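Visitor: One structure coming up, written as structure tokens, with questions to follow.
The values are calculated or read from the model by the stated rules, or taken from the named source; none is laboratory data. Computed from a predicted structure; not experimentally measured. All Cβ positions, glycine included, derive from the backbone under ideal geometry; neighbour counts span all protein chains shown.
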């Protein structure tokens, strides 16, 4: 087996057998499932609590004793009796429909300890609308109650947005982009550790006489990419299973279609983004003397990749703003920005292609420079490279594990 | 054909000259000693020889030509700065490093059984490296150097961290390897090991090879440069003596090159309160030679 693949295999199994990896890979989906279950239970516990109302406007006459949605709505003749029921704990809250409701549209809601959730309010709204449209023909009434289904289509036909599945369509790229982002950062973080590991445990000299720096670094990068993909696969399978189960309960999910175009684009950006992060992390690992220093520098770099998250409100309000276009083109922010913009707007083809070219160029430069820094930094036990060393390493043109033009002496 | 031939190599790191001019050759089936004080340039010379560093000038030939990836698989290297992957099982680490040297996994496993047995590490093979004692880790490093059965073995301080029993074991192994025709380069400060093991040596001081040749021949050339005496009185600060030390009731004097033992005897005889029971011109130990050459650092290179 080629030495490159031996290194890749070694790195892969070394990481996936670690407890921290198993926890991150399977713990996260488990945590999400648990929190969803807890949220579901919390919602469930607030259901079926009675809500009172006092109809001073006289529009709910036919609704006494009826329930709306999952909730029971109890009529009270006046506010005093409703308040007494609230204080006794018979009801969770009560509405007051004032006498001028039809003109003013004003409603009042009183609660004691726990404010009713959105679900309860929507049910009461439905109940009110049903009552108000009671005299209309069934078809008209149904249309008013259901509202519209809006489908937004890009003029060039490249993208469409169906509001029936809109929420899921927005959330899906958002979740997926977070997963891809974490996978990139986790894999490059592992790489930082892998580079500093061999400096710290002093195996680097043995490796230097066994294989080339290119074989060593490429092997590590491939092995750790495989680790990241394993993580993504585990998460993706968990999400797919969760979606299939959730679709049985949650109606909007039934119309959900997998955004293959989105996944294709993200995959196209994922590989060079990983290469860019890997190049930066190898460089950091080569410059520093131990993992702690490396992590400090890496946390600053992570911010460069994470920047689009800080402008996520802008994504919603103005997805084509110049700032977001700039972040689309900037190599470290491209993956996350495109991923987040995808659900909000049509990202023009010129932006996608230019961004991809810039990203590929930046990742090539990062990998090239990291190879040089690695050669220089590998034998500098306990010595951090300064800026002059770094520039000298990048300028030098020798091959092998040479540190020919290095300023300052390595350990003799 | 020499296994290794190093000719006039020079290497500087910025303003620091690490190796000024070093030359030596290593033959098949010999143990070759690289000696020198700390910072003399031994490790840098080894790293240049193994293509970790490129020399500023000079030439290296390994197995009859430039070092390439194929030839690297035939070299076993125990570096001065050593270590293994701490959080991996011993067996797994050693097999990984052997496969990186081109050995297939099945052969590596088969050979590993024998080496673990010889170094008494079989019971620890499934332990993580970090769970092993320092001495065990040192033995594991030696296995990593030898598992792929290289023809050229380079060991920087192979006896460091070993107790006398294990040091004896390593010495026996090195002798076995020499008999099997392997070329062994050993960098060490332990002069008695040099005398006991090495066929030839190079002594590097301040980046120059200052002494080079057969061990017996060098000792013969330095005969007369050591005196052993017994007696009473003050034997320090004698002209022409660069080192004096007491050992087992005897006084060992290391003489500067060219110093006359008769003149020293004459000086002692004239000292008051000094009596001499025995005065013997001795064959110098390698330690005496090392001290004499290093302290007389300005001496011209001597090739035996």
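Visitor: Consider residue B:126 against the criteria (1) buried (at least 16 other Cβ atoms within 10 Å of the Cβ); (2) touching a helix residue (DSSP H, G or I) at 6+ places or on another chain (Cβ under 7 Å); (3) under 23 Å from residue A:6 (Cα atoms): it satisfies all of them except one. Which criterion is unmet?
Guide: Every condition holds for residue B:126 apart from (1).
Visitor: A follow-up question, please. Which of the following residues is within 21 Å of the chain's Cα centre (by Cα), within 24 Å of residue B:289 (Cβ to Cβ) and without any contact (Cβ under 8 Å) to a residue 12 or more places away in the chain: B:33, B:39?
Guide: B:39
Visitor: Do the conditions hold for residue B:184, that is, is it touching a residue at least 12 places away in the same chain (Cβ under 8 Å), more than 29 Å from residue B:58 (Cβ to Cβ) and buried (at least 16 other Cβ atoms within 10 Å of the Cβ)?
Guide: Against the criterion (touching a residue at least 12 places away in the same chain (Cβ under 8 Å), more than 29 Å from residue B:58 (Cβ to Cβ) and buried (at least 16 other Cβ atoms within 10 Å of the Cβ)), residue B:184 does not qualify.
Visitor: I'm trying to understand the selection: among the residues of the stretch A:199-214, which are in contact (Cβ under 8 Å) with a residue 12 or more places away in the chain, within 9 Å of chain B (Cβ to nearest Cβ) and out of contact with any strand residue (DSSP E or B) (no Cβ under 8 Å at 6 or more places or on another chain)?
Guide: Of the stretch A:199-214, the ones in contact (Cβ under 8 Å) with a residue 12 or more places away in the chain are A:199-200, A:202, A:204-205, A:208, A:210-214.
Imposing the further condition that a residue be within 9 Å of chain B (Cβ to nearest Cβ) reduces the set to A:200, A:202, A:204-205, A:208, A:210-212.
Once the filter is applied, which keeps residues that are in contact (Cβ under 8 Å) with a residue 12 or more places away in the chain, within 9 Å of chain B (Cβ to nearest Cβ) and out of contact with any strand residue (DSSP E or B) (no Cβ under 8 Å at 6 or more places or on another chain), the stretch A:199-214 yields A:200, A:202, A:204, A:208, A:210, A:211, A:212.
Visitor: When you scan the stretch A:73-154 for helices (runs of 4 or more DSSP H) that lie fully inside it, which ones turn up with 1 or more residues that are surrounded by 15 or more Cβ atoms within 10 Å (Cβ to Cβ) and in contact with a strand residue (DSSP E or B) (Cβ under 7 Å, 6 or more places away or on another chain)?
Guide: Values: elements: A:79-88, A:101-104, A:118-132, A:138-146.
Output list reads A:79-88, A:118-132.
Visitor: Please work out if residue B:31 is facing another protein chain (nearest Cβ under 8 Å), touching a helix residue (DSSP H, G or I) at 6+ places or on another chain (Cβ under 6 Å) and crowded, with 23+ Cβ neighbours inside 10 Å.
Guide: No; evaluated as a whole, the condition is false for this residue.
Visitor: Looking at B:99, B:107, which one is within 20 Å of residue B:151 (Cβ to Cβ), within 14 Å of chain A (Cβ to nearest Cβ), touching a helix residue (DSSP H, G or I) at 6+ places or on another chain (Cβ under 6 Å) and at pLDDT 90 or above?
Guide: On the way: B:107 fails: touching a helix residue (DSSP H, G or I) at 6+ places or on another chain (Cβ under 6 Å).
After ruling out the rest, the residue left standing is B:99.
Visitor: Right, here's the next one. Restricting to the stretch B:129-141, name every residue that is surrounded by 16 or more Cβ atoms within 10 Å (Cβ to Cβ) and either more than 12 Å from chain A (Cβ to nearest Cβ) or over 30 Å from residue B:1 (Cβ atoms) (or both).
Guide: B:129, B:132, B:136, B:137, B:138, B:139, B:140 - these are the residues of the stretch B:129-141 that are surrounded by 16 or more Cβ atoms within 10 Å (Cβ to Cβ) and either more than 12 Å from chain A (Cβ to nearest Cβ) or over 30 Å from residue B:1 (Cβ atoms) (or both).
Visitor: Which ones in the stretch B:106-161 are part of a strand (DSSP E or B) and under 30 Å from residue B:38 (Cα atoms)?
Guide: Selection gives B:152, B:153, B:154, B:155, B:156.
Visitor: Name every residue in the stretch A:173-186 that is modelled with pLDDT of 70 or more and under 15 Å from residue A:267 (Cβ atoms), in order of residue number.
Guide: A:176, A:177, A:179, A:180, A:181, A:183, A:184
Visitor: May I pose another question? Scan the stretch B:71-83 and tell me whether some residue there is surrounded by fewer than 17 Cβ atoms within 10 Å (Cβ to Cβ) and assigned to a strand (DSSP E or B).
Guide: no
Visitor: Mind counting the residues in the stretch B:43-53 that are farther than 16 Å from residue B:151 by Cβ and either free of Cβ contacts under 8 Å to residues at least 12 places away in the same chain or more than 8 Å from chain A (Cβ to nearest Cβ) (or both)?
Guide: 5
Visitor: So for the stretch B:69-87 (the condition being more than 17 Å from residue B:145 (Cβ to Cβ) and away from every other protein chain (no Cβ under 14 Å)), does at least one residue qualify?
Guide: no
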